[in-house]
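The values are calculated or read from the model by the stated rules, or taken from the named source; none is laboratory data. Just so it is clear, the model here is predicted, and its values are computed rather than measured. Note that we place each Cβ from the backbone using ideal geometry, even for glycine, and neighbour counts take in every protein chain shown. Each accessible area value is taken on the protein alone, full model and side chains, heavy atoms only, with ligands, DNA and RNA left out. Shrake-Rupley method; radii C 1.70, N 1.55, O 1.52, S 1.80 Å.
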Amino acid sequence: NRRKKKDDNILEIPSIPNPFPELCCSPFASVLSASLLPKATSRKKQVIKVYSEDDTSRALEVPSDVTARDVCQLLILKNHYIDDHSWTLFEQLTHTGLGRAIEDHELVMEVQSNWVMEEENKLYFRKNYAKYEFFKNPLGFFPDHMISFPSETNAAVSHSGILQMFISSSTYPEIHGYLHAKEQGKKSWKKWYFLLRRSGLYFSTKGTSKEPRHLQFFCEFSNSDMYMSLTGKKISGAPTNYGFCFKPNKSGGTRDVKQLCADDEQSRTCWMTAIRLLKYGMQLYQNYMQPYQGRSGCSPLNVTPMRSISENSLVAMDFSGHRSRIIENPTEALSVAVEEGLAWRRRGCLRLNSHGSPIAMSNMGMSIHRSQSWFHHKISREEAQRLILQHGLVDGVFLVRDSQSNPKTFVLSLSHGLKIKHFQIVPLEDDGKLFYTLDDGHTRFTDLIQLVEFYQLNKGVLPCKLKHYCTRNAL
């Protein structure tokens, strides 16, 4: 009777409907069928190896659909670097001496899938200040003598209008000029008049004629990637050092690579920039605008790189009186900072070393620059030019190095106008004190740090201010 009464109480409990009947197993089944479970959508992961400028490397486990920008963001976080939107993933084909900056939206695994197993190709993580510079300064990338517009475009087109035509307009500006092309299967190079149109790249078989019967198709870009020659004349025997080429995505070797060579850096930059815009179009502009999305009221033309929280919380203070005060006037704060910096260098001509004996400030000034990121000890002129080229030929990219011709002097290597210029820093001795100068002693500096800081704020005798320094980052 008790058991019957207990069963009656259980039956009186209202039944609750099961919201997931498909997950319930049959009373006759011992286990739950795997076909009834939802399929797991796990992302497959792979390991990639990324190198830095000093040839240190780091292995990363990333998803198979990771983009170049994702890899850069990951390395920025892991190494605590400041994200100024100029970090780039660079592909270097060691065997052929070719390299290119991988676009931010490209999938890294697709890039590696095109590599030949026998070749030791590498991915580099480095700065590239010229990556989207043509959006900020199109005037320096499209010279007037290399660009023409369709006949239906009557009014004069501004340089900002040129970018608009490249990205979204149905009318495409024509890029034209002479290029050296390597003949297929031969070692010889021949100079042709080339034209870049929306349908592809053509060359004229009769001078500068643009008639259809004289134009011959050279290549299109949907199934190939554009690379820059890193070795100049060494491997391909090019007539100049301004080479670039088109390599098919699924190429079996160097026989399918179509090589070109320009007469100067301005011409090569114009061709390569126009081809990038032709191939990717609006996608490039989205890549350029993406770092600025989410900032209300901010324009990419006037936004400065975001500072750290600690920098944003700093204020200028004056401790000269009995009570400290905050300097609210920006002009006064700047003048106080400059005066304090000069006073630090003048403060006593002697400092004490670890043993308590005085050290002349001039001796310390001779070696204090070696700890700076912009100083490169004993590198050649060619190495300095290669390093600046890797960081992008933007006005103001610079480094300081030892002079090879005169061991007592230094050289400032600076990029300006798509050219790399070198300025000798000469030491001067006056009244027993050592100074450094770029203008024959008219402007003197107690050390190289003071010299670099001055020309970062003032153009002086240089063609432009010092803006971006070249450094060898480690991973």
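Of all lysines in the structure, those lying under 25 Å Cα to Cα from Lys279, and not within fewer than 8 positions of it along the same chain, are Lys122, Lys127, Lys131, Lys136, Lys182, Lys191, Lys210, Lys247, Lys250, Lys258. Quick one: check the C-alpha center-to-center distance for region 55-134 versus region 192-261, whole angstrom. Using only Cα atoms to place each centre, the spacing works out to 24 Å. Please list, by residue number, everything in region 422-453 whose backbone N is under 15 Å from a paramagnetic label point 7 Å out along Cα→Cβ of Gln385. Output list for this probe position: 422-423. Calculate the length of the line joining the C-alpha centroid of region 412-475 to that of region 369-404, in whole Å. Result: 12 Å between the Cα centres.
Tell me the Kirkwood hydrodynamic radius of region 133-290 in angstroms, computed as one over the mean inverse distance between distinct C-alpha pairs. Walk me through the numbers on the way to the answer.
Details: mean 1/r = 0.0607 Å⁻¹.
Taking the inverse mean of 1/r over all distinct Cα pairs, region 133-290 comes out at 16.5 Å.
Straightening the chain between Ser64 and Tyr178 buys 36.9 nm, computed as 0.36 nm per residue apart minus the Cα-Cα spacing. In a reduced charge model with +1 at each Lys and Arg Cβ and -1 at each Asp and Glu Cβ, region 45-127 shows a dipole moment near 200 debye about its Cα centre.
Shape of region 45-127 from the C-alpha gyration tensor: prolate (a/c of 1.5 or more and a/b above b/c, with a ≥ b ≥ c the square roots of its eigenvalues).
If I take R0 = 45 Å and measure r between the Cβ atoms of Ser335 and Lys78 in this structure, what FRET efficiency does the formula 1/(1 + (r/R0)^6) give, to the nearest 0.05? Before the final figure, lay out the partial values.
On the way: r = 40 Å, r/R0 = 0.88.
Once rounded, the FRET efficiency stands at 0.70.
Quote the Stokes-Einstein diffusion coefficient, in whole µm² s⁻¹, for region 370-469, based on the Kirkwood radius over alpha carbon pairs, a temperature of 20 °C and a viscosity of 1.002 mPa s. Walk me through the intermediate numbers first.
On the way: Rh = 13.7 Å.
The calculation lands on 157 µm²/s.
How long is the gain from Thr231 to Asp402 if the chain were fully straight, where each residue apart is worth 0.36 nm and the alpha carbon distance is subtracted? Kindly include the intermediate steps, with their values, before the conclusion.
Numbers: separation 171, 0.36 × 171 = 61.56 nm, distance 2.38 nm.
In short, 59.2 nm is gained.
Kirkwood hydrodynamic radius of region 202-272, from the reciprocal of the average inverse Cα-Cα distance over all distinct pairs: 13.5 Å.
How much length, in nm to one decimal, is gained on full extension between Ser371 and Asp439, taken as 0.36 nm per residue of separation minus their Cα-Cα distance?
Values: separation 68, 0.36 × 68 = 24.48 nm, distance 2.49 nm.
Taking 0.36 nm per residue and subtracting the Cα distance, the gain is 22.0 nm.
Summing Cβ point charges (Lys, Arg +1; Asp, Glu -1) relative to the Cα centre of region 133-290 gives a dipole of roughly 720 debye.
The fraction of accessible area contributed by carbon and sulfur in region 390-475 is 48 percent, rounded to a whole number (1.4 Å probe; ligands and nucleic acids excluded).
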